[in-house]
Amino acid sequence: MEWLRSLMLPPQGSQFAGEVDNVYMGLFWLCGILFVGIAAAAIGFAWRYRYKPGRVTPHQTHNTTLEIVWTVIPLLLCVAIFFWGLNGWMKYAVAPGEAMEIQITAKKWLWQFEYPDGTRTANEIHVLVNKPVRFVMTSEDVLHDFFVPDMRVKHDIVPGRYTEVWFTPTVLGTHHVTCAEYCGKGHSDMQAKLVVDNEADFQKFMETGGTEWEDYKMKPAEWGRIQYERKGCSTCHSIDGSRIASGGPSWKGIWGKMEKLNDGKEVLVDADYVRESMMQPQAKIVAGFDPIMPTFQGLLREHEIQGLIAFIKSLGNNPNGGPPAPTVLSLPPKPAGASGASGTTGTK
Ligand code: CUA
């Protein structure tokens, strides 16, 4: 019946998956058998005791044996299901002590991950295959829910407190992370990649931040365009001049423009203003927009910021000019072992 399981459920990516699926399929078959049995009995009795002229229903009392049987058997079934589920839940609830800890901060509308060494990423997490990993999660605004279908892990993220999940990934490659609690307009864009790496690829990721040593040869604006998608900017800022509902201003044609702010002042859209808007988004609010953008302080590396600035510039220059955007990315020194395009992380 493996074909049916794989038809109904996502691929199994963690040590939880087999157990969770067994409970699920067990309940599925139990429900199936009961449904067929009950429906057959209902149809059978309806036929057997259908109306016939002259047939009289005899006086009914009760049948103690029958009543005990139909009470006790379902009770035992329910208790068995409870303990079956509890057994899995207890394993799910407590992470092993040696698990690597990753902090998750969910906010409208992106995922921020922080590793024990302080490395931070947005919308992309790397974990080690066959090593338990524990996620400590909180929200900066509303309820979110960390859902990794392949890992059979799904847990609410609540503002003002910490919740936890853990699992041991068993399948290399990229798995999908999504938000499973409606959290506003950008809810369906709140997606992330979970990449399960082998030891070598994981070390490389921790040293270099993943594929950037393969991407950095691009022009700053191309690199910035990748960041625009990857860091979630695209959730709120269009690049075609349209306004995204309950989002921020479009990036098209703003470079070098005098932007009107909600306090009546004007500001030149230059590199400093763009950088400030990423790091302290509440500092200057464009007239007609709400102060809803989360800060990207610590989430963007310097050359990612430069790429984004170059990308904004590439979206149309205002005749007013404005200072030049970077034409070359300033990169941190290349770590040993991260050799250009030889990456095999499979994160692309
Ligand atoms: Cu976050 Cu839905």
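The values are calculated or read from the model by the stated rules, or taken from the named source; none is laboratory data. Values in this document were obtained by computation on a predicted structure and should not be read as measured data. As a convention, Cβ positions derive from the backbone with ideal geometry for all residues, glycine included, and neighbour counts pool all protein chains shown.
One residue is enough: does the stretch 79-90 have a residue meeting the conditions at pLDDT 95 or above, more than 30 Å from Pro132 (Cβ to Cβ) and not polar (S, T, N, Q)?
Yes - at least one qualifying residue is present in the stretch 79-90.
Okay, residues lined up against (1) under 30 Å from Ser246 (Cβ atoms); (2) touching a helix residue (DSSP H, G or I) at 6+ places or on another chain (Cβ under 9 Å); (3) more than 16 Å from the ligand (Cβ to nearest atom):
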site	(1), (2), (3)
Gly118	no, no, yes
Val148	yes, no, no
Val153	yes, yes, no
Ala200	no, no, yes
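Only one of (1) within 16 Å of the ligand (Cβ to nearest atom); (2) over 23 Å from Glu304 (Cα atoms); (3) at pLDDT 90 or above fails for His175. Which number is that?
(1)
Could you give me the residue pairs with C-beta distances under 6 Å whose first residue belongs to the stretch 254-275 and is at negative phi, whose second residue is among the basic types (Lys, Arg) wherever it lies, and which are 6+ apart or on separate chains?
Trp255/Lys313; Leu261/Lys284; Glu266/Lys260; Val267/Lys284; Val269/Lys257
Tell me the residue from Phe16, Phe83, Phe35, Phe28 that is in contact with a strand residue (DSSP E or B) (Cβ under 6 Å, 6 or more places away or on another chain) and either hydroxyl-bearing (Ser, Thr, Tyr) or within 30 Å of Pro149 (Cβ to Cβ) (or both), please.
Every option except Phe16 fails the conditions.
Taking the criterion of being part of a loop (DSSP other than H, G, I, E, B) and either loosely packed, with under 10 Cβ neighbours inside 10 Å or of a type in the set (Lys, Arg) (or both), would at least one residue in the stretch 65-88 satisfy it? Lay out the reasoning, then the answer.
Going through the stretch 65-88, the residues part of a loop (DSSP other than H, G, I, E, B) turn out to be none.
No, every residue in the stretch 65-88 fails to be part of a loop (DSSP other than H, G, I, E, B) and either loosely packed, with under 10 Cβ neighbours inside 10 Å or of a type in the set (Lys, Arg) (or both).
On the given criteria, is Asp141 assigned to a loop (DSSP other than H, G, I, E, B) and more than 20 Å from the chain's Cα centre (by Cα)?
Considered against the rule, which asks whether it is assigned to a loop (DSSP other than H, G, I, E, B) and more than 20 Å from the chain's Cα centre (by Cα), Asp141 comes out as no.
Name every residue in the stretch 95-115 that is part of a loop (DSSP other than H, G, I, E, B), away from the ligand (no atom under 16 Å from the Cβ) and touching a residue at least 12 places away in the same chain (Cβ under 8 Å), in order of residue number.
Ala95, Pro96, Glu98, Ala99, Tyr115
Between Val142, Val158, which is under 30 Å from Pro291 (Cβ atoms) and in contact with a Leu (Cβ under 9 Å, 6 or more places away or on another chain)?
On the way: Val142 fails: in contact with a Leu (Cβ under 9 Å, 6 or more places away or on another chain).
Selected residue: Val158, the only one of Val142, Val158 that is under 30 Å from Pro291 (Cβ atoms) and in contact with a Leu (Cβ under 9 Å, 6 or more places away or on another chain).
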